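Reviewing the structure listed below.
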Amino acid sequence: MNPGNGLTVALGGGTARAMAHVGVLLALEEAGIRPAAVAGTSFGAIIAALYALGLSAAELQRLLTAPRSRHIWAQALDPAPGAFSLVRGRKLERWLDATLFSAAGFGDATMPLSIATTSLGTGELAALTSGPLARAVVASCSLPLLFAPVNIDGDWLVDGGFVEAVPFRAGTLLGAGPVLGISAGIDSERAGMVRLLRSLRQRDWARRLSDWSVARSIASSPGRALRGLGWAARSYARAQLLPERSELLRVDPQIAWWDFHRLELAVEAGLAAGRQALEGGLAERLLWQPAAVEVDRERTGMLAADQPE
């Protein structure tokens, strides 16, 4: 199989919708293209980590559609009131290790892998490339007040989508080859809550509140929660940058983020979108795309918090 001319795939979040990534990977493999590196954020980090461990797209499909919906939701029964979060995340980490990763770390990967997270201290990208995979994935899925932030090497980390909805930057750190970003997040043009948050962000009082939140100390759980909310609010105003020799493929799986019982539909949508993109010359364009462009998030519908994770 062709190693994809050094192609890196960057997988965004979307929870159940992110299973569309598996469908796109199936399409690439059908075309004889096996990516050489992979980056992921949020639910896309789970898929990226498993792919980097050497699983084929077909194996990913079988593995990730096997758990029943109730087994997935059961991992949320891990309250963390002291951390000002609904879910502690430790139960999810143990489940990921036992069910998917078998205690694997980055050193077990068969290709370069980067898991995108956001540093609560700086609000900037913290791209993880070492340590246990399950812990890195849980950090990349952490949303303020929902999943508790994760401390890795002294840095408190949350969802990488607060920096980029699709982790292009984490992908470019893995090499100089072309990057294919895949977005399966909820379309912001049809999401009333997102439009409301954007509108509020334009108000002076909302910006002042955001500035106050990101200035809170991360030495305490309340401070970490407030800091996370502040970075989340700012993320809606960020533009998504496409690096040189990169392309974004957006897939609408036609399911909600919580539809874990409909994962096969997301896979099918990703497969169809991937095939269509390849027939339209996707692979050829990635080999010569000449310049970086800035994409307006409102136009593309990509948001750092397209969905709760």
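The values are calculated or read from the model by the stated rules, or taken from the named source; none is laboratory data. Computed from a prediction, not measured in an experiment: that's the story for all the values here. Here Cβ is always computed from backbone atoms with ideal geometry, including for glycine, and neighbour counts include all displayed protein chains. Surface areas here come from the heavy atoms of the whole protein model, side chains and all, with no ligands, DNA or RNA. Shrake-Rupley method; radii C 1.70, N 1.55, O 1.52, S 1.80 Å.
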| task | For the range 6-162, with all protein chains present and a 1.4 Å probe, just round the carbon and sulfur fraction of the accessible area to a whole percent. | result | 57
| query | For the peptides 30-39, 130-139, what is the packing order when you average, over each peptide's residues, the other Cβ atoms within 10 Å and list the highest mean first? | reply | 130-139, 30-39
| Distance between modelled label sites at Ala256 and Arg70, nm, 7 Å Cα→Cβ extension | 1.9
| When you take every Cα atom in the range 1-65, what is the radius of gyration, and what is Dmax, the widest Cα pair distance, in Å? | 10.7, 30
| What is the packing order of peptides 110-118, 240-248, 277-285, taking the mean over residues of other C-beta atoms within 10 Å and listing the highest first? | 110-118, 240-248, 277-285
| field | Residue-wise HN-Hα coupling along the range 218-234, computed from phi with Karplus coefficients 6.51, -1.76, 1.60 (Hz; x: Gly, Pro) | value | 9, 6, 10, 4, x, x, 5, 5, 5, 4, x, 5, x, 5, 4, 4, 5
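Using the Kirkwood radius over C-alpha pairs as Rh, can you work out the diffusion coefficient of the range 42-98 via Stokes-Einstein at 4 °C, viscosity 1.567 mPa s, in µm² per second? Walk me through the intermediate numbers first.
Details: Rh = 12.7 Å.
Value of D from the Cα-based Kirkwood radius: 102 µm²/s.
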| Can you list the residues, at least 5 places off or on another chain, whose amide H is less than 5 Å from the amide H of Trp156, using H built in the peptide plane? | Leu120, Gly121
